[in-house]
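Take a look at the structure set out below.
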Amino acid sequence: MLPYESLEKFIGISTTITIKRNDHFVKEDDICRYIGIVKSGTLYSYFEDSDANMLVNELYSKQSVITSYRSFLNEIPSPAYIKAYSDSEIYAIEKKVYRELMQYQEWTLVFKEISDELFTNKCFKETSLIKLKARERYLALLRCRPHLEQDFPQHLIASYLKIRPETLSRIKSVDLHQDHK
């Protein structure tokens, strides 16, 4: 989560975008025009594999930084979709405004904090997928982002964790039984 001062600065200069449930913030192969912070609602980023299976890459809720970052920075097609799971509002800054703001040191620091947040989230997920077993990934997610369990359905969380929904159900069932012993 961004420091309060940076969050307030970002909100003060942004415009609010409304995205209805099941609409997209960005689609695969489109250029992402915005970098934003979720004001309300929930969204998720996903890829489609060659069999049209949805592979969830990220889950976004209130105060999450949201963008297809490489697409936004380099003005190249987005490799993924970002879709609203619920009606959502996003504080957003267009690329043109971003470029203008980057000329000022105070804004360079704000955008560095945003970049740092995106990078550390990516590293945490990547490390979790490589080093942790399914149950450990789930517990780590609950520790770091406990609200996600209330914000998203089990099949999206399972996809994000790179496990089958049945596996997540078993993990939750075992943990529930262990808590009552």
Worksheet item: Has the range 124-134 got at least one residue that is out of contact with any helix residue (DSSP H, G or I) (no Cβ under 7 Å at 6 or more places or on another chain) and under 19 Å from His24 (Cβ atoms)?
Response: no
Item to complete: Just name the residue that is farthest from Phe124 (Cα to Cα) out of those in the range 43-102 that are free of Cβ contacts under 8 Å to residues at least 60 places away in the same chain and among the acidic types (Asp, Glu).
Response: Glu100
Worksheet, complete the sentence: Looking across the range 55-87 at residues that are surrounded by fewer than 15 Cβ atoms within 10 Å (Cβ to Cβ) and of a type in the set (A, V, I, L, M), the single one that is nearest to Arg21 (Cα to Cα) is Leu55
Item to complete: Scan the range 3-23 residue by residue and report those that are assigned to a loop (DSSP other than H, G, I, E, B) and over 25 Å from Tyr104 (Cα atoms).
Response: Lys20, Arg21, Asn22, Asp23
Practice prompt. Would you please name the residue that is nearest to Gly41 (Cα to Cα), looking only at residues in the range 144-160 that are modelled with pLDDT under 95 and outside any helix (DSSP H, G or I)?
Written response: His147
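The values are calculated or read from the model by the stated rules, or taken from the named source; none is laboratory data. Predicted model only: the values in this text are computed from it and were never measured. Because the Cβ atoms are built from the backbone with ideal geometry, glycine has one as well, and the counts that use them run over all protein chains shown.
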